[in-house]
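Coordinate-derived values only; no laboratory data. Everything numeric in this text was worked out from a predicted model, so none of it was measured. Using ideal geometry, Cβ is built from the backbone for each residue, glycine included, and neighbour counts are taken over all protein chains shown.
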Amino acid sequence: MKKAIGAIVVLLAIGCAAGCGTSSDSSTAASRHSSSATSASTAPETADVLNKAVGQSAGWNCADASDESCSLAFTVTALDKVPSANCSDSAPPPAGSEIYRLAIDAQAYHSTPAPNATLPPGFVISSDNWYAIDADGYGTKADVAIGCGDFDPGPFYQPLDVGQKGRGTILFALPAGSRELELREQGTPGSWRWVLPAA
């Protein structure tokens, strides 16, 4: 009888080692619209950082991998380096920075969950939530480069509410040598990253 009980305990331990405790990791990824597509990012994808490529769909507060299950679904449609010569003398970018143009399409499907239920779901992609990541993994808040060309900020400045779609372009001044552009999910851990083009 003791041998039989011992065998059952061993089988339960093996079964739990193979599958127990994995649901929290998968729900974290699903809540931010993880994708199995390969990215060219320099950092490995983790539960807290989702690497994205230009043109690849992303989402926030998602029930599954479909855009429609998300509070906000968005796609970075362009990420280009802009010559600093485009900047006006009256509004130069910070010294030692490089200018990047970011274009985005977004749609808000569902309301924002607590504790930010009073905010529109589009607040996630606001211009204040973008950061430059350097070669060592450190982040610096991205500055909007106002004097470096025309842009239409759209959802970067006016957060989308449920049922709204938005498209916008913004210019950011990032520290020279930055490797990636990161969108940080405010209020909870997690972010999305895009590799910055070399030229």
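So here's what we get for this one:
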quantity: Sum of side-chain charges, Phe123 neighbourhood, beta-carbon under 11 Å (Lys, Arg +1; Asp, Glu -1); calculated: -3
quantity: Extended-chain gain in nm, criterion 0.36 nm per residue less alpha-carbon gap, Ala78 and Ala95; calculated: 3.7 nm
quantity: Relative contact order computed over the range 40-199 (Cα-Cα under 8 Å; 6+ residues apart), in percent; calculated: 27
quantity: Peptides ranked, highest mean first, by Cβ atoms within 10 Å: ranges 134-144, 53-63; calculated: 53-63, 134-144
quantity: Stretchable slack from Asp48 to Asp134, in nm (0.36 nm times residue separation minus alpha-carbon distance); calculated: 29.2 nm
quantity: Net charge contributed by nearby residues that have their C-beta within less than 12 Å of Thr169 (K/R +1, D/E -1); calculated: -2
quantity: Cα→Cβ-extended label distance, 7 Å offset, between Lys165 and Ser66, nm; calculated: 1.8
